[in-house]
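The values are calculated or read from the model by the stated rules, or taken from the named source; none is laboratory data. What you are looking at is a predicted structure, and each value in this text was computed from that prediction instead of being measured. Methodologically, a virtual Cβ is constructed for each residue, glycine included, from the backbone with ideal geometry; neighbour enumeration extends over all protein chains shown. For the accessible areas, the whole protein counts, side chains as well, though only heavy atoms, and no ligand, DNA or RNA atoms are used. Shrake-Rupley method; radii C 1.70, N 1.55, O 1.52, S 1.80 Å.
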Amino acid sequence: KVGIIPSIPGNSYIDDDGNLVGMDIDIINAIDEKLPQYNIEFVQLDGTALFSSLDAGKIDFACGNFRRSDAREASYIHTYRSYFYTPYQLVTLEENGKYDSLADYEGKSIGTGDGSLMADIVEQYIEENNADITLTYVTDYVGELSAGRVDGIAVPRVATDRYIESYPDLKFYVSSEFLNGSDECMGDANAYYFLRQGDEKLRNELSEAIYELRQEGKLLEYSEKWYGKDYVSDIDVDA
């Protein structure tokens, strides 16, 4: 059983016909074909319930473009192959100015998701640098930004690309630097499947299936199919 968030455009969502579709769905279905010893079943969950469902044994691995963090490393294992490259970016409106790093947000506010790794990275920066940055938890990122309630937002690159395409009347400025934490985990912009400790056999089998799909060009095919962009070639294979 794989936990899936059914509300991520491009990745995993419900289409107009009520079907669960997206890049993640195609990848996992292809993995299912490569691993005949398993019958993989999708379990649709809210993003906040994925890891607790993993803890409770309701799912066997979690999928949602999850990157590494110290907290996740302490509690879970993850595939040693990545299927998606998901760097974080700081985005503001051109009218606000050009902010290229967290240092440029001194005295300003940043909006991002509650409980997200992006929030952890900003919190880490504030603590380590005694920075005067206000971190605000938001759900309507573009709405909060365009209304002036936050000076910038912290989002994955795939969301940045979607905003630029979906809001042609808004002129976004995207930071020239990626938003990464200061430690090894938070500096790794790859996405992985996360599993319970002790499930190394499943972790290894999933990892090798992911690697085969990448070598076969399937990951790139799915990325271009669902996003019209390449979000896999930059995967850091040394991470």
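Worth pointing out:
- When residues in segment 1-56 are screened for being touching a Cys at 6+ places or on another chain (Cβ under 7 Å) and part of a strand (DSSP E or B), 3 of them pass.
- Conditions (1) within 26 Å of Phe61 (Cα to Cα); (2) touching a Gly at 6+ places or on another chain (Cβ under 6 Å); (3) not hydrophobic (A, V, I, L, M, F, W, C): number failed by Glu200: (2)
- Segment 130-174 - residue that is touching a residue at least 60 places away in the same chain (Cβ under 8 Å) and assigned to a strand (DSSP E or B) and, of those, farthest from Thr92 (Cα to Cα): Pro156
- For segment 1-34, a residue qualifies if it is among the acidic types (Asp, Glu) and either in contact (Cβ under 8 Å) with a residue 24 or more places away in the chain or open to solvent by less than 60 Å² (accessible area, probe 1.4 Å) (or both), and the qualifying residues are Asp15, Asp24, Asp26, Asp32.
- Look at (1) farther than 30 Å from Gln215 by Cα; (2) modelled with pLDDT under 95; (3) among the charged types (D, E, K, R) and you find that Glu94 fails only one, number (2).
- Of the listed requirements (1) in contact with a strand residue (DSSP E or B) (Cβ under 6 Å, 6 or more places away or on another chain); (2) open to solvent by less than 30 Å² (accessible area, probe 1.4 Å); (3) assigned to a strand (DSSP E or B), Ile59 misses just one: (3).
- Among residues of segment 123-160, those that are hydroxyl-bearing (Ser, Thr, Tyr) and open to solvent by less than 50 Å² (accessible area, probe 1.4 Å), counted: 3
- Residue that is modelled with the lowest pLDDT, among those in segment 162-188 that are closer than 22 Å to Val237 by Cα and open to solvent by less than 70 Å² (accessible area, probe 1.4 Å): Asp183
- Assessment of segment 74-95 against the conditions (of a type in the set (Asp, Glu), part of a loop (DSSP other than H, G, I, E, B), under 21 Å from Val158 (Cα atoms) and in contact (Cβ under 8 Å) with a residue 12 or more places away in the chain) yields no matching residue.
- Among (1) part of a helix (DSSP H, G or I); (2) in contact (Cβ under 8 Å) with a residue 60 or more places away in the chain; (3) loosely packed, with under 13 Cβ neighbours inside 10 Å; (4) of a type outside the set (S, T, N, Q) - the single one Tyr211 does not satisfy: (3)
- Among residues of segment 105-122, those that are exposed (fewer than 14 other Cβ atoms within 10 Å of the Cβ) and either small (Gly, Ala, Ser) or assigned to a helix (DSSP H, G or I) (or both), counted: 2
- Search result, residues across segment 77-100 that are open to solvent by less than 30 Å² (accessible area, probe 1.4 Å), closer than 23 Å to Lys1 by Cβ and among the hydroxyl-bearing types (Ser, Thr, Tyr): Thr79, Ser82, Tyr83
- Residues (within 23 Å of Glu165 (Cβ to Cβ) and either in contact with a Leu (Cβ under 6 Å, 6 or more places away or on another chain) or charged (D, E, K, R) (or both)) located in segment 214-239: Leu219, Glu221, Glu224, Lys225, Lys229, Asp230, Val232, Asp234
- Leu54 being within 16 Å of the chain's Cα centre (by Cα) and either modelled with pLDDT under 95 or surrounded by 17 or more Cβ atoms within 10 Å (Cβ to Cβ) (or both): no
- The listed residue being touching a residue at least 24 places away in the same chain (Cβ under 8 Å), at negative phi and either open to solvent by 10 Å² or more (accessible area, probe 1.4 Å) or part of a loop (DSSP other than H, G, I, E, B) (or both), out of Ala191, Ala239: Ala239
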